[in-house]
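To start, the structure itself, in structure tokens.
The values are calculated or read from the model by the stated rules, or taken from the named source; none is laboratory data. Remember, predicted model here, so these are calculated numbers, not experimental data. No Cβ is skipped: glycine too gets one built from the backbone with ideal geometry, and neighbour counts run over all protein chains shown.
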Amino acid sequence: MKPGLPLLWRKTRERYNLIGTKCETCGTYYIPERKICAKCRRKGKVAPYTFSGRGKIYSYTVIRVAPEDYEFFVPYVLAIIQLEEGAYITGQVVDVNPESVQIGQEVEMVFRKIHDDHPEGLITYGYKFRPILK
Amino acid sequence: MRKVAVVGVGMSKFGELWDVSLRDLVVQAGVEAIKDAHLEGSEIQALYGGTMASGRLVGQEHVAALIADAMGLNPIPATRVEGACASGGLAFRNAYFAIASGAYNVVVAGGVEKMTDATTAEAVTALGGAGDQEWELLHGATFPGLYALMARRHMIEYGTTEEMMAAAAAKNHHNATFNKYAQFKEKITIEDVLKSKKVADPLKVLDCSPITDGAAVAVLMDLETAKKHTDNYVEIVASAQASDTLALHDRKSLTELRAAQVAAKEAYKQAGITPEDIDVAEVHDCFTIAEIMAIEDLGFFPKGKGGQATLDGETALNGRIPINTSGGLKACGHPVGATGIKQIVEITWQLRGQAEGRQVKDAQYGLTHNVGGSGATCVVHILKKPN
């Protein structure tokens, strides 16, 4: 059980709202945010950007042997999502039968509990993804 | 830079060694290596020790000093090197630099991990530390999970099949039956792998390297001194290393390890040879898909053809380029910090003609490929038998 949550986590806005950055010089999106554009370097002009949260599954797996604090969730789907802006991010896909997940499937971000490390401990929240309801 | 040689190697038994401590593992490997080098121990001037997660796994940090202490080498300088699963390879590379630079003439590189005292969940968490804590692991990623994400793309982009991956595991188990130090001596079939329990789809438990206790040690010497000291040395003709993004999702491609490609290219350049010149290689098969990507990244097979080549037996002991004659991480075992040095031990035995039932005939050049995490570190060495 962790004694406290590092302040940095609470201040990491990207974890709750998919806020990253966009380079206005070359149009590249970054999540997590990068303060320097890797392509434009000093010529880059980087500004905060809130992602739409919509994207497609680029690759996925079904985790059946979990690390500590995640055993309760197995089997769960872990995926790399290509956000519609072009950036890639790792997250779980929920509200879905793990056997029916497909590459290219359209998903959207949802705000969920990531884990709790103890019945009386801290609860960590963050983004996950779910299939877009049509 | 001065030329450097390996003059002695040794390793402990690899396996679930509940009655052997971290300290005892190092002593077993160290005593073998120093004896093999025909040294007393007092000639050794410095030590580099590789371990990844000894603090998490057995509560022991400060492992390089422990190795020097346990091997009776005090007061020589002893430095720990950490690069996740590439810690051993990096320790070896640092020992190489210590001699190449002219600072020392005789240096030891050791690697160790004591893993089976931890529960599976503890070990999964500790190994996960090689990935990106905030952007992968927090979301429930595991190491098999990250390699599964790569495997899935390799299957989609190149038609690689679960059967091709399974063939790598079956081949490595076969090789390990000839290695008395290996963790597993049981032959397995492709069918056994396909039927084994799923861990992170499409990877199954027999696609994964095991949790292992073990240590390996190499003794290095500058080439001029080595030539006077023994006829039984092998020359280090290349030492190269590269890095990549910690998180998989930041990479341009999931079907290759760019760090491995960059390190391999640099290594071939240093040695003045091409992939076709390599006679035997130990590659980092932490998962079967990793071996398939490795033999492509190292230039032994064209991109996307590694799976079929493995299924066709081209990487078997009697194949075109024997891969992982020791049994690899899969069957010889994967005590994380020791693996990079164990690869050097196996290639040294191959080049000296001491690899018993798994000996590759007339091997002249041998290569080691040691990867940290999901590919954020890769270190490649090429060793050569003296003419």
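If you take the residues of the range B:104-147 that are among the polar types (S, T, N, Q) and not in a helix (DSSP H, G or I), which of them is surrounded by the fewest Cβ atoms within 10 Å (Cβ to Cβ)? So that I can check it myself, show each step before the final result.
We begin by selecting, within the range B:104-147, every residue among the polar types (S, T, N, Q); these are B:105, B:116, B:119-120, B:125, B:133, B:142.
Now narrow it down to the ones that are not in a helix (DSSP H, G or I): B:105, B:116, B:119, B:133, B:142.
Working: B:Asn105: 20, B:Thr116: 19, B:Thr119: 10, B:Gln133: 13, B:Thr142: 26.
In this case the residue turns out to be B:Thr119.
Kindly indicate the residue of the range A:31-60 that is within 20 Å of A:Glu108 (Cβ to Cβ) and within 11 Å of another protein chain (Cβ to nearest Cβ) and also surrounded by the fewest Cβ atoms within 10 Å (Cβ to Cβ) among those meeting that condition.
Initially, the range A:31-60 is screened for residues within 20 Å of A:Glu108 (Cβ to Cβ), giving A:31-32, A:49-60.
Now narrow it down to the ones that are within 11 Å of another protein chain (Cβ to nearest Cβ): A:31-32, A:57-60.
Numbers: A:Ile31: 21, A:Pro32: 19, A:Ile57: 21, A:Tyr58: 21, A:Ser59: 25, A:Tyr60: 22.
The extreme case among them is A:Pro32.
Would you confirm whether any residue within the range B:278-295 is touching a strand residue (DSSP E or B) at 6+ places or on another chain (Cβ under 6 Å) and of a type in the set (Asp, Glu)?
yes
Picking from A:Ile80, A:Ile114, A:Ile57, which residue would you name as being touching a His at 6+ places or on another chain (Cβ under 6 Å), aliphatic (A, V, I, L, M) and outside any loop (DSSP other than H, G, I, E, B)? Please lay out each step first, then the result.
Values: A:Ile114 fails: touching a His at 6+ places or on another chain (Cβ under 6 Å); A:Ile57 fails: touching a His at 6+ places or on another chain (Cβ under 6 Å).
Within the list A:Ile80, A:Ile114, A:Ile57, the selection yields A:Ile80.
Here is a list: A:Val107, A:Val65. Which entry is over 17 Å from the mean Cα position of the chain (by Cα) and either crowded, with 20+ Cβ neighbours inside 10 Å or facing another protein chain (nearest Cβ under 9 Å) (or both)? Please lay out each step first, then the result.
Working: A:Val107 fails: over 17 Å from the mean Cα position of the chain (by Cα).
Being over 17 Å from the mean Cα position of the chain (by Cα) and either crowded, with 20+ Cβ neighbours inside 10 Å or facing another protein chain (nearest Cβ under 9 Å) (or both) holds for just one of A:Val107, A:Val65, which is A:Val65.
Quick one: would you say B:Ala182 is in contact with a helix residue (DSSP H, G or I) (Cβ under 7 Å, 6 or more places away or on another chain), assigned to a strand (DSSP E or B) and either under 27 Å from B:Val63 (Cα atoms) or within 14 Å of chain A (Cβ to nearest Cβ) (or both)? Walk me through it before giving the result.
Values: in contact with a helix residue (DSSP H, G or I) (Cβ under 7 Å, 6 or more places away or on another chain): yes; assigned to a strand (DSSP E or B): no; either under 27 Å from B:Val63 (Cα atoms) or within 14 Å of chain A (Cβ to nearest Cβ) (or both): yes.
No: the conditions fail for B:Ala182.
Kindly provide the set of residues from the range A:110-134 that are modelled with pLDDT of 95 or more and within 12 Å of chain B (Cβ to nearest Cβ), ordered by number.
The answer is A:Lys128, A:Phe129.
Tell me, which residue of the range B:185-231 that is part of a loop (DSSP other than H, G, I, E, B) and β-branched (Val, Ile, Thr) is surrounded by the most Cβ atoms within 10 Å (Cβ to Cβ)?
Kept after step one, since they are part of a loop (DSSP other than H, G, I, E, B), are these residues of the range B:185-231: B:185-189, B:196-197, B:201-202, B:209-212, B:230-231.
Next cut, β-branched (Val, Ile, Thr) only: B:188-189, B:211-212, B:230.
Values: B:Ile188: 19, B:Thr189: 15, B:Ile211: 20, B:Thr212: 25, B:Thr230: 16.
This residue is B:Thr212.
So B:Glu122 passes all but one of these: (1) facing chain A (nearest Cβ under 7 Å); (2) farther than 18 Å from A:Pro75 by Cβ; (3) touching a strand residue (DSSP E or B) at 6+ places or on another chain (Cβ under 9 Å). Which condition number does it fail?
(3)
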